[in-house]
Structures are given as C-alpha cells and as structure tokens.
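The values are calculated or read from the model by the stated rules, or taken from the named source; none is laboratory data. If you're wondering where the values come from, they're calculated on a predicted model, not measured in any experiment. All Cβ positions, glycine included, derive from the backbone under ideal geometry; neighbour counts span all protein chains shown. Accessible surface areas use protein heavy atoms only, side chains included; no ligands, DNA or RNA. Shrake-Rupley method; radii C 1.70, N 1.55, O 1.52, S 1.80 Å.
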Amino acid sequence: SGEVPVTVQNATVEKVTVNAEKANVTVAKDAVVKEVTVAQSAKGAELSVAGTVTTINSSAPQSKVTAAETAKVDTVNVEKTAAGTSVDTSKGATVGTVNAGADGTAVTGTGTVKNANVTGNNSSVDTVGTTTKVSEGVTGATSNGNNMQSGATSTTTETKPEIKPETPTTGGGTVITP
C-alpha cells in the first residue's frame, strides 16, 4: 500500500478516520476537526495538525502526530496498540493532554503539552513544562531523560540529567614516570 495524502482545508469536519498504512493526513491552519481516528490498520501513518482538533485517537503502531506552530489540540489518545508512536509539537503549538497508553510513546518538541498520562512502558515525555503522571506498574518512563518512578507525578524541566564520566579506581599505588 502506498502513501495516501489527505488535506482538510477551510472546513469544519466532525470526524476523519485514517485506515490506510503510511497515510499522510494534514489538518490545515484554517480547519477545525472534532475527532481524528488513526485506525490500527494505518501503521506508520502521519498526521500533521496546523488547525484545531478536539480529539486524536491513534491505534496505529509507529504512527506520528505532529502539531505545527498554529495547532490547538485538546486530547491525544495513544491507544495500547499504537506502540512506538510519537507526538511532536512545534513552538507555538498547544496540546491539552496526551494519554500515552502504548509502549514506547514519545512526546517531544518545543510546543506546549499541558498534561501527559503515561500508562505504556518505556515512554518518554520531553516537552518542558508538562505535568506527567506515570501510572502504577509502568516501567521505563522518562521525563526529559530523567527516570520517572511508577505512580509518580512531576513537571518536565529544562535540564537533562548530567552524565558523569566513570572515573577508574586505582589501587593506591605510586605512578613512576621515567
């Protein structure tokens, strides 16, 4: 199956459903869509949002949701079947809540994501200022590179963890240089 480009422009649409694998769907700056559903069959689909979307539901593995600088999205639901999905925000974009239910979900970019609820293992939230809540029993969650504990809530900060080089231990002997 090939790429299927679809663009919603100058319109108000109730529902858009994406079924095709590697589909490429764009919600233009002047478009308003109530609900976009990326079906499980749409593996690798890309959804680009520059307009306003109330709810995005993605069940497709390795799908990509990109919010451009003019995007306003209330909720992104990354379903359990959508492993490896990324949600990327450009500066100026606003996303209310990302529900990261799939393993390996990545929330990235310089835009605003107010809240992230992580229920999928090995997921990362790297958007600064995001209040991230990790459900009980979740493992491998990170917030801007910092490990997050199961059941914890924190706000993503600017700084990534400092990686300190390991210093070799010496046996306390004397080094003699000829």
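Structural remarks
- Considered as a group, the residues in the stretch 5-15 that are β-branched (V, I, T) and open to solvent by 60 Å² or more (accessible area, probe 1.4 Å) include one that is modelled with the highest pLDDT, and that residue is T12.
- On inspection, A93 qualifies as out of contact with any Lys or Arg (no Cβ under 6 Å at 6 or more places or on another chain) and among the aliphatic types (A, V, I, L, M).
- Residue in the stretch 110-130 that is out of contact with any strand residue (DSSP E or B) (no Cβ under 8 Å at 6 or more places or on another chain) and hydrophobic (A, V, I, L, M, F, W, C) present: yes
- Of the strands (runs of 3 or more DSSP E) that lie entirely inside the stretch 33-86, not one contains 2 or more residues that are under 15 Å from G120 (Cβ atoms) and modelled with pLDDT under 95.
- Matching residues, the stretch 16-57, being more than 15 Å from D74 (Cα to Cα) and either open to solvent by 70 Å² or more (accessible area, probe 1.4 Å) or aromatic (F, W, Y) (or both): T17, N19, E21, K22, K29, D30, Q40, K43, E46
- Scope the stretch 91-116; condition assigned to a loop (DSSP other than H, G, I, E, B) and farther than 11 Å from A71 by Cα; matching residues: G101, A102, D103, G104, T105, T110
- Residue that is in contact with a Gly (Cβ under 6 Å, 6 or more places away or on another chain) and either open to solvent by 30 Å² or more (accessible area, probe 1.4 Å) or farther than 22 Å from V27 by Cα (or both), where the choices are N99, N117, N77, N122: N122
- Residue check for S123: modelled with pLDDT of 70 or more and closer than 19 Å to A83 by Cα: yes
- Any chance G129 is within 26 Å of Q62 (Cα to Cα) and either among the basic types (K, R) or modelled with pLDDT under 90 (or both): no
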